[in-house]
Amino acid sequence: HLRSDFAFLKLKFIDGNDFWTLRNRLLAERRYEAPAEIYGMEKFRHHLEGAILNSEKAGVRELIEFKLGDATNSSDYPDGEIGYVVVNPPYGIRMVPGGSPRSLYSRFLKALRERAEDAILILITAAHKRFVEAAEEIGIEIIERRIVLHGDLRARIFKCKF
């Protein structure tokens with residue numbers, strides 16, 4: 001049984017019909033092709049357990065390999081080619097030791113560039129200025145950005161190329 005109550009379908013820029021058409025096509029193709037390798041990595045065990053529960057609720061648990069790891073350490077990334085990275089990093093003052101995510105973003109981008117040089121990065125953050133500063137410092141190209149509401153919080157989604 002696959003999940004059908006996705007919150008992102010309420011976003012104004014999402015066309016629900018396009019999503020369902022694409023989802024159904026991909027599910028049909030899945031029968032004929034090996035699925036993409038999908039990894040989930042969290043630094044803390046309780047966050048990893050939450051991610052596993054979310055994947056179970058979404059009906060995709062069997063498609064994802066989960067592991068404990070630190071995204072600022074390139075050796076923690078899975079072996080093999082990495083084409084896409086989708087991340088919702090911490091960005092609140094309470095979430096980041098020292099109060100600013102800029103250093104975290106810089107370390108993350110350095111590790112990711114070292115490990116996944118040709119990857120596309122999709123990242124959501126409310127600390128958009130700090131992310132842009134880190135991306136410019138590391139030399140990451142921001143190729144697209146969008147403003148979205150993440151609950152009541154105004155956030156930005158960035159698409160980046162290394």
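We did not get these values from a lab; they are worked out from the coordinates using the rules stated. Everything quoted here is computed from the prediction, not taken from an experiment. Note that we place each Cβ from the backbone using ideal geometry, even for glycine, and neighbour counts take in every protein chain shown.
Worth pointing out:
- When you count the other C-beta atoms within 10 angstrom of each residue and take the mean per peptide, 115-125, 137-147, 14-24 line up highest first as 115-125, 137-147, 14-24.
- Legend: calculated FRET efficiency, ARG61 to ILE147, from the Cβ-Cβ distance at R0 = 30 Å, rounded to 0.05, equals 0.40.
- D (Stokes-Einstein, µm²/s), Kirkwood Cα radius, the chain, 1.567 mPa s at 4 °C: 75
- With 0.36 nm allotted per residue and the present C-alpha distance subtracted, the PHE8-LEU22 stretch has 3.6 nm of extension available.
- Inverting the pair-averaged 1/r between distinct Cα atoms of segment 98-162 gives 12.0 Å as its Kirkwood hydrodynamic radius.
- Antiparallel bridges, percent of DSSP beta bridges restricted to the chain (to nearest 5): 60
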